[in-house]
Amino acid sequence: MAKSNKPIFWSLFAAGGTLAAFLAPVLALLFLMVAMGHAPAVFSYANLHAFAANWLGKIIILGVITLFLWHAAHRLRVTLHDFGLRQDAIVAIVVYLTAAAGTVLTVVYLLRI
Amino acid sequence: MTQLKKRMVQLEVLRYDPEKDTEPRFQKYEVECNEEWVVLDALNAVKESLDPTLAYRWSCHMAVCGSCGMMVNGEPKLSCHAFLRDYEGVIRVEPLANFPIERDLVTVADDFIDKLKRVKPYLIPKEKKTIAEGEYKQTPAQLMKYRQFSMCINCMLCYAACPEYALQPKFIGPAAIALAHRYNLDSRDGGRDERQEVIATDVGVWECSFVGACSEVCPKAVDPAGALQQVKVASTLDWFKERLLPGGSK
Amino acid sequence: MSRKPYVRPVSKTGWWLKHPRYMRYMSREVTCVFIGAFALLLVCTLERLAKGPEAYASFIAAIQGPMSVMGMLLVLIFALHNATSWFNVTPKALPVQIGEEFLAGKYIIGAHYAVWAIASLVVLFFAGVI
């Protein structure tokens, strides 16, 4: 049987999972504060725009969103398989296309800022 | 002389006679046991005094041969390693999960044996030496690198615990891949490329989703789950090397 | 003597309900739904930010309120669950051998928690929270 091509998706899953492990809790906390009406200073239009306008900020935002998306996509593919949805090829196409769309949109929006 | 403490033990055993039954059924036994006995001893007492037709595998009675794997109260255990003192009430004994039932508690292990053969679980020396040329030398540190994974007794409890094997019978499985890894890590071995052809496939390590049940039930602390993640890391590095480096992964 | 092996059926959808260890596994895996949803939220935030101050302001207003609080709380809980389960298994996937011994898992896990704490504090600092 031919060797698998899962490694590319798995490495994105692993990198994304590691990044999410370190960063997702604190980022979720920041958005929780926004939801509660106590948005931290960074969420002012001026501050967030300045961050996203900066080239380093762009790299960070792109890195975080992309890795989170591809991590979630691969893990969701496996989880749906575990929940009994066995049409793996179709599920894979749907989840990876969604992640790809999210990635492309992120680049497009970052270029507008 | 101290009296050996006795205990009446109730067993509910899954029976299956391929010549008579269309499907398995439970049968209850009640047998007097010593308090310090294991489930295997209780089965032997049943076979000796109540029902000689009960079929099951066992051999060493000390958790090194891997023969007596079965489900005890729904958990994969070596019956020689399942102490009666840890159980209350009726003890449910069934054949090892995820394998076809041959008869009573005897499973058809052919699938595992076949997969074991496919991963080439033996030394394929890097450089062949004649006897005259002497031994293959190895430092203690080189030994420790793979030693944990060499402890596998092929008992198949990990296959019984693995839900991915339950859902996809083609999955090569925890023990076979962990054993391939044991040889891949051996400094004397040069057969990694051959084994990768088998384990770096979609039914090889990539069917694994790191549930980790295999390591939880392993009686020899082999940690097959850890081995499989290490195989994933190594296989991923291979995948990139083959595509990015001029010489491939050589 | 005739052989007629019996194959026991396994539920493709409900197998994970049969044992606590499988339920724990599933709870770890479904964190991806919340991480993924959160990432999509970040994409939306970016889109609104690119649109301009008014669009961004109404977006921030829209993600306030009890429903959002519940949603973000769920993301936080599942993000934490992902983090702890991820750190705990890292020593198994990436063992560190020093001489004849292996570095005890607790040091690798401890180092991860330390990095996580520092990273979180750094983010909170730059966000203006601390």
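Here are the numbers:
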read-out: Selection count where residues are surrounded by 22 or more Cβ atoms within 10 Å (Cβ to Cβ) and at positive phi, scope segment B:139-168; value: 1
read-out: Among the residues listed as C:THR31, C:THR84, the single one being in contact with a Phe, Trp or Tyr (Cβ under 8 Å, 6 or more places away or on another chain), farther than 14 Å from A:LEU32 by Cα and of a type in the set (Ser, Thr, Tyr); value: C:THR31
read-out: Any helices (runs of 4 or more DSSP H) falling wholly within segment B:135-239 and containing at least 1 residues that are touching a Ser or Thr at 6+ places or on another chain (Cβ under 9 Å) and under 24 Å from A:ASN5 (Cα atoms); value: B:163-167, B:174-184, B:192-199
read-out: Residue in segment B:196-212 that is farthest from B:VAL233 (Cα to Cα), counting only those that are within 7 Å of chain A (Cβ to nearest Cβ) and small (Gly, Ala, Ser); value: B:SER209
read-out: Where a residue in segment C:115-130 is more than 22 Å from A:TYR45 (Cβ to Cβ) and its partner, wherever it lies, is assigned to a loop (DSSP other than H, G, I, E, B), with Cβ under 9 Å and at least six apart; value: C:LEU121/C:ILE130
read-out: Among (1) assigned by TED's automatic domain parsing to the domain that holds B:LEU179; (2) within 16 Å of the chain's Cα centre (by Cα); (3) in contact (Cβ under 8 Å) with a residue 60 or more places away in the chain, the one test that B:PHE99 misses; value: (1)
read-out: In segment C:1-11, the residues that are surrounded by 15 or more Cβ atoms within 10 Å (Cβ to Cβ), assigned to a loop (DSSP other than H, G, I, E, B) and either among the aromatic types (Phe, Trp, Tyr) or within 11 Å of chain A (Cβ to nearest Cβ) (or both); value: C:VAL10
read-out: Some residue of segment A:33-44 being of a type in the set (Val, Ile, Thr) and more than 7 Å from chain C (Cβ to nearest Cβ); value: no
read-out: Options A:LEU19, A:LEU29; residue that is under 29 Å from C:HIS112 (Cβ atoms), within 7 Å of chain C (Cβ to nearest Cβ) and of a type in the set (A, V, I, L, M); value: A:LEU29
read-out: Odd one out for C:GLY71 among (1) within 18 Å of the chain's Cα centre (by Cα); (2) farther than 17 Å from A:ALA21 by Cα; (3) facing chain A (nearest Cβ under 7 Å); value: (3)
read-out: Qualifying position, being more than 9 Å from chain A (Cβ to nearest Cβ) and either more than 25 Å from C:ALA119 (Cβ to Cβ) or in contact (Cβ under 8 Å) with a residue 60 or more places away in the chain (or both), among C:SER58, C:SER27; value: C:SER58
read-out: Residue among B:ILE131, B:ILE172, B:ILE91 that alone is more than 14 Å from chain C (Cβ to nearest Cβ), under 23 Å from C:TRP15 (Cα atoms) and without any contact (Cβ under 8 Å) to a residue 60 or more places away in the chain; value: B:ILE172
read-out: Selection status of A:GLY84, facing chain C (nearest Cβ under 7 Å), at positive phi and small (Gly, Ala, Ser); value: yes
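Conditions tested, residue by residue: (1) farther than 30 Å from B:ALA234 by Cα; (2) modelled with pLDDT of 95 or more.
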site: A:ASN5; (1), (2): no, no
site: A:ALA20; (1), (2): no, yes
site: A:PHE51; (1), (2): yes, yes
site: A:LEU56; (1), (2): yes, yes
site: A:ILE90; (1), (2): no, yes
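For every residue, the table says whether it meets (1) crowded, with 20+ Cβ neighbours inside 10 Å; (2) out of contact with any Leu (no Cβ under 9 Å at 6 or more places or on another chain).
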| position | (1), (2) |
| --- | --- |
| B:LYS170 | no, yes |
| B:GLU194 | no, yes |
| B:GLN230 | yes, no |
| B:SER235 | yes, yes |
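The values are calculated or read from the model by the stated rules, or taken from the named source; none is laboratory data. Computed from a predicted model, the values in this text were never measured in an experiment. Here the Cβ is made from the backbone with ideal geometry for all residues, glycine too, and neighbour counts use every protein chain on show.
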